[in-house]
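Read-outs: derived from the displayed coordinates by stated rules, not from any lab. The shown structure was predicted, so the numbers you read here are calculated from the model rather than taken from an experiment. Cβ: placed from backbone, ideal geometry, glycine included. Neighbour counts: every protein chain shown.
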């Protein structure tokens, strides 16, 4: 079945450092790809998405490009802030139900 | 738009008891999903409704679990004869039926602890 593998955490960075969280997927067909974020004490919310190959999703300074040839959707940010501390989940959807298949999550801590 | 709400937020129950959770999706959303999340893991799909029809169920959803969405609005998830392994966060999400790649909006979850 479909699956998502993402970089295991936790990841600890200093403010203004560069962030990459790797995500690769296995899927039949052409899934849509997502990054969801869970801030401390809050629910899951969409960070960005891409629905077809070579699309780039972006939001709040974060970017990810849908790479079909490498089945990847790596999350990047050029300069992280303390407020970016959260758990990040890579996910895919497809099929008639559009159900989400999530990775295990990567906890990011940004220190001042 | 008040977002997806779930009730209760926390539930502690003894093994063997039945529990029921409620989800109220965003009003115009006709797709509703239930997921389960255990500590250190990503959410896992349980079941999906399109309006009142339950169209897909995961193998994770044993026969002790049942979900309904009687009028195509709110949904309930019942767990009968709870086991300690049922302890998890139960998440509800909804989305409009607008085709591929549409965002799912998540509720805050119901945290179940089975003692």
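When only alpha-carbon atoms count, how far does chain A stretch along each of its three principal axes, as whole angstroms with the largest first?
43, 27, 21
Please give the contour-minus-distance gain from residue B:13 to residue B:115: 0.36 nm per residue of separation, less the Cα-Cα distance, rounded to one decimal in nm.
On the way: separation 102, 0.36 × 102 = 36.72 nm, distance 0.62 nm.
In short, 36.1 nm is gained.
Given the Cα-Cα distance of residue A:69 and residue A:81 and 0.36 nm per residue of separation, how much length would full extension add, in nm? Don't skip to the end; give the middle numbers.
On the way: separation 12, 0.36 × 12 = 4.32 nm, distance 3.15 nm.
Gain in length upon complete extension: 1.2 nm.
How high is the relative contact order of the range B:59-115, in percent, with contacts defined as C-alpha pairs under 8 Å that are six or more residues apart?
Details: 63 pairs, mean separation 17.0, N = 57.
Relative contact order of the range B:59-115: 30 percent.
Quick one: A:69, A:63, fewest Cβ neighbours within 10 Å first, how do they rank?
On the way: A:69 7, A:63 17.
Fewest-to-most ranking of A:69, A:63: A:69, A:63.
Name the most mobile residue of B:30, B:63, B:18, meaning the one with the largest mean-square fluctuation, in a Gaussian network model of chain B with Cα contacts below 10 Å.
Looking only at B:30, B:63, B:18, the biggest GNM fluctuation is shown by B:63.
How would the protein assembly as shown be classified by its alpha-carbon gyration tensor: rounded, prolate or oblate, with rounded meaning a/c under 1.5 and the a/b versus b/c comparison settling the rest?
Details: a/c = 1.90, a/b = 1.44, b/c = 1.32.
It comes out prolate by the Cα gyration axes.
When the gyration tensor of chain B is built from Cα positions, what are the square roots of 5 times its three eigenvalues, in whole Å, from largest to smallest? Numbers along the way, then the final one.
Numbers: eigenvalues 107, 39, 35 Å².
Three semi-axes, in Å: 23, 14, 13.
How much length, in nm to one decimal, is gained on full extension between residue A:46 and residue A:8, taken as 0.36 nm per residue of separation minus their Cα-Cα distance? Present the calculation step by step, with values, prior to reporting the outcome.
Numbers: separation 38, 0.36 × 38 = 13.68 nm, distance 1.99 nm.
Extra length available between residue A:46 and residue A:8 comes to 11.7 nm.
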